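Encoded as structure tokens, the structure appears first; notes follow it.
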Amino acid sequence: MTELAVRQRLRDARGFLFDLDGTLVLGDRYNSGLVPLPGALEITRWLSAQGTPFAIFTNGTTKTPRQYARVLASIGFEVADGAMLTPASSAVAVFARRGYRRVLVLGTHALAEPLREAGIEPLMAAELPDAAPPAGVDAVLVGWYPDFTMAALESAVHAVWAGAAVYSASQSMFFATAQGRALGTSRAICAMLKSLTGCRVEVVGKPALAALRGAAAVLDVRPADLAVVGDAPDLEVAMAHRGRALAIAVTSGLADAASLDGLPAAQRPHLSVRGVDELLSICREARARAGI
């Protein structure tokens, strides 16, 4: 795609989907102490003033979407109702479509609560008697789980042996924090489950197409009309390509310019910028030239 075509698509985007950590904010490994990155408040406010809706999707599950929205509001962001999304958000849609009623959750209550609100019963692995085989479980959902135990693993293995499908909030090895890279737990836990049971693991967070479609539905736009902005080429960029959205990479988090240049052409972002502050300048310029 030519530079002109990229800027035209950026100008005409009907909605924006932002990553959180490393794109709009940085905090610690528990998503606490969040601080806006340069330009983050400004670009979200500018989009709102332009009448262009945006959503934020984090693969983090330390908080519910509502809790994330409250924290972001406390540091100056204005996020529309329902526009803060986590893998639990897309999991609800997937589970409802497949008729799941009971899910074993390897994670925190923040991962379980959106399921409960949607009428799906979450069974917390941490609250089961040691290594108890859970009954009547349709699926196992794995998220951020720093207190993971062998008892939880054994319960999940029994659930899979009994026919439960396995879903992961994320398969990323790391996520960006103010202290550098922090290890993601979902991938490690799912690797153990897969090794022991041979199960297939389906991702419900980024870069799954279900995550992009869920965000597009919230914004009431087609996935192809979105601009997707993030710091992880294997997450936001990959997801954007899958949905034919505009892929924009920032180097304020996990990615750097060298890692982006080293990607195969089909996997590279359509546009790479230092951060959302630079992206805002490009957006303003593109719309000014078009007289918008």
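What follows draws every value from the coordinates through simple rules; no lab data is involved. Bear in mind that the values here come from a model prediction, so they are computed numbers and not experimental data. For neighbour counting, all protein chains shown are included, and Cβ atoms are generated from backbone atoms with ideal geometry for every residue, glycine included.
Can you give the angle from 0 to 90° between the axis of helix 87-98 and the longest principal axis of the chain, with both taken from C-alpha atoms, to the nearest 10?
In the chain, helix 87-98 runs at an angle near 60 degrees to the longest axis.
Mind listing the phi-derived Karplus ³J(HN,Hα) values for the range 18-33, rounded to whole Hz, using 6.51, -1.76 and 1.60 with θ = phi - 60°, and x for any glycine or proline?
The phi angles translate into 9, 6, 9, 5, x, 10, 9, 9, 9, x, 9, 5, 9, 6, 10, x Hz.
Three principal axis extents, largest first, for the C-alpha atoms of the chain, in Å?
63, 38, 35
How would you order 51-58, 68-75 from highest to lowest mean count of nearby Cβ atoms within 10 Å?
Packing proxy ranking, top to bottom: 51-58, 68-75.
Between Leu263, Leu183, Leu153, which gets the highest mean-square fluctuation from a Gaussian network model of the chain, Cα cutoff 10 Å?
Looking only at Leu263, Leu183, Leu153, the largest GNM fluctuation is found for Leu263.
Given a Förster distance of 22 Å, report the FRET efficiency between Arg274 and Leu209 from their Cβ-Cβ distance, rounded to the nearest 0.05.
0.20
Could you tell me the center-to-center distance, by alpha carbons, between the range 122-152 and the range 177-227 in angstrom?
For the range 122-152 versus the range 177-227, the Cα centre distance is 19 Å.
Please check which bits of the range 205-248 a label hung off Val35 would reach, taking the label as a point 7 Å along Cα-to-C-beta and the cut-off as backbone N under 20 Å.
Those under the cut-off are 231.
Quick one: among Asp231, Asp277, Asp130, which has the greatest mean-square fluctuation in a GNM of the chain with alpha-carbon springs under 10 angstrom?
Of the options given, Asp130 has the highest mean-square fluctuation.
Ranking request for peptides 210-217, 14-21: highest mean number of other beta-carbon atoms within 10 Å first, then the rest in descending order.
14-21, 210-217
With a 10 Å radius around each residue's Cβ, average the other Cβ atoms per peptide and rank 141-149, 171-179, highest first.
Ranked from most to least packed, the peptides come out as 141-149, 171-179.
Round to the nearest 10 and give me the degree value, 0 to 90, for the angle of helix 3-12's Cα axis relative to the longest principal axis of the chain.
Approximately 70 degrees, to the nearest ten.
With r defined as the distance between the Cβ atoms of Ala217 and Glu117 and R0 fixed at 22 Å, what FRET efficiency is calculated, to the nearest 0.05?
So, using R0 = 22 Å, E works out to roughly 0.80.
Computed over the Cα atoms, what is the radius of gyration of the range 88-203 divided by 2.2 N^0.38 Å, N being its residue count?
So the range 88-203 has a normalised radius of gyration of 1.00.
Taking the chain as the reference, fit the longest principal axis to its C-alpha atoms, fit the long axis of helix 276-289 to the helix C-alpha atoms, and give the angle between the two in degrees, 0 to 90, nearest 10.
Tilt of helix 276-289: around 40 degrees.
Taking 0.36 nm per residue of sequence separation and subtracting the Cα-Cα distance, how much length would be gained by fully extending the chain between Asp28 and Lys194, in nm to one decimal?
Full-extension gain reported as 56.9 nm.
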